[in-house]
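Colleague: The structure is given below, and queries will be raised subsequently.
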Amino acid sequence: MKIAVVGPTYPFRGGIAHFTTLLVRHLRQRHAVSFYSYLRQYPQWLFPGNTAPDPSLYVLQEPCERTIDALSPITWWQTVQRIILDKPDILLLQWWTPFWLPLLTLLSASTRRVGIPNLFLCHQLIAHEGSVIDRLFACIVLTLGDGFIVLSEQDRKIAQRLCRNKPIRVGHHPVYNGFPCQGLTRKDARHRLGIDSDEPLLLFFGFVRRYKGLHYLLEALGRLASPPRLLIAGEFWEKEQDYRDQIERLGLMSRVIIHNRYIPNEEVETYFIAADALVLPYLEGSQSGIGMIAFHYGLPIIATSVGGFTDIIAHNQVGLIVPPRDSGALANAIERFFKDNLSDALRANMVCVRDRLSWERLVGIIEEFTWEK
């Protein structure tokens, strides 16, 4: 089958670029894939993080045609013409932010007009911290495609309410297995980070944004008589000082370590091997690529019951689930995790779950839509 894929890849940063690259890599194991990516993505006012290229020495990369400039509609038309000339059996588009709606509308309308089916992979139907306008955008997107893959049961229900006459499948955020393996031991990893090998350690990883609930995690640690160490590793999209003020107010200065920077691919293993558990105290969300990195390294997860987290993180089996915006419940879960020594049991169960969260299974879901053109 011939598949055309549109999306970001290296040198752009972040989870969507990693996701798209790994998806193309696994699709190419079974199909002929044309990959169209960007010359330029967001303007600075929309992307508060560092816009410099991914600084990783080991890059996640697949051959692609860089044809799309987000701020140059003529490059959109040029990309449409290239896709039409290529005559793919399916065009795979991705939805994660309303910024791309004009481009997606043009790509979808133009290619469907000449008989190329469109499949939308929706990372999250309603944007993080979304509004009524974001819901309107989601409705528009659901009119564009011929089929849709969503990444949580919650998003499936939303999609079915808004669009009853098109095929919708629930996919999954596959395990991120593309990072370099150095074979580090826990002792090695902690030595690199300057952390005592016997000290309880939680990890909060990735871009720091309001919807990820870091302030609730800090409140939870402040409730504990003997809180574990917390390592915050990732680029702040908000004022770091606001969190430092909260840390000082809660008396956690000696318990919290902040690495405010983008973590390159070759260092990811160090952080996940060093930690005892990953914490995802999200206030909202569909799925988390950070969680899928944890599955790859067999790192237990303490998460909130938002989006599709409960579909993937079985409570008391591969992690612990607590209500969102509840620092008391989160504190109790953290205390229980260490007091009852849950780490080994949870890690053992993650091996079985990894198989059903594979890229091959997601590719299989994409292949199903070829029967419904």
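Every number here is computed from the coordinates shown, using simple stated rules; none is lab data. Fair warning: this is a prediction, and the values are worked out from it, not measured in the lab. FYI the Cβ positions are ideal-geometry reconstructions off the backbone, even for glycines, and counts take in every protein chain you see.
Colleague: May I ask you to list the trypsin sites (Lys or Arg not before Pro) in the stretch 205-247 that are in a DSSP loop and have at most 12 other Cβ atoms within 10 Å of their Cβ?
Modeller: LYS239
Colleague: Quick one: helix 265-274 against the long Cα principal axis of the chain, what's the angle to the nearest 10°, folded into 0 to 90?
Modeller: Helix 265-274 sits roughly 40 degrees off the main axis of the chain.
Colleague: Whole Å is fine, so just give me how far the alpha carbon centre of the stretch 70-139 lies from that of the stretch 321-354.
Modeller: 38 Å
Colleague: Which whole-number percentage describes the relative contact order of the stretch 1-143, with Cα contacts under 8 Å and a sequence gap of 6 or more?
Modeller: Computed value for the stretch 1-143: 24 percent relative contact order.
Colleague: Roughly what would the spin-label model give for ARG25 and ARG161, points 7 Å off Cα along C-beta, in nm?
Modeller: For ARG25 paired with ARG161, the spin-label model returns 3.7 nm.
Colleague: Of LYS157/LYS212; LYS2/LYS157; LYS212/LYS339, which pairs sit farther than 28 Å apart, going by alpha carbon to alpha carbon?
Modeller: As for pairs spanning more than 28 Å Cα to Cα, those are LYS2/LYS157.
Colleague: Answer with a single label: of (i) 132; (ii) 111; (iii) 153, which was calculated as volume of the Cα convex hull per residue in Å³ from the structure in view?
Modeller: (i)
Colleague: Now for a separate question. Checking the cross-link filter: which aspartates and glutamates have an alpha carbon closer than 19 Å to that of LYS239, excluding same-chain neighbours under 8 positions apart?
Modeller: By straight Cα distance, LYS239 reaches GLU129, GLU219, GLU248.
Colleague: On to the next question. So what's the angle, to the nearest 10 degrees on a 0 to 90 scale, between helix 153-162 and the longest Cα principal axis of the chain?
Modeller: Between helix and principal axis, roughly 40 degrees.
Colleague: Counting only Cα atoms, I'd like the Rg/Rh figure for the stretch 186-356, Kirkwood definition for Rh.
Modeller: Taking Rg over the Kirkwood Rh, I get 0.92.
Colleague: With each run of n ≥ 4 DSSP H residues scored as -39500 (n - 2.57), what mean residue ellipticity at 222 nm is computed for the chain after dividing by its residue count and rounding to the nearest 500 deg cm²/dmol?
Modeller: Helix-only estimate at 222 nm: -12000 deg cm²/dmol.
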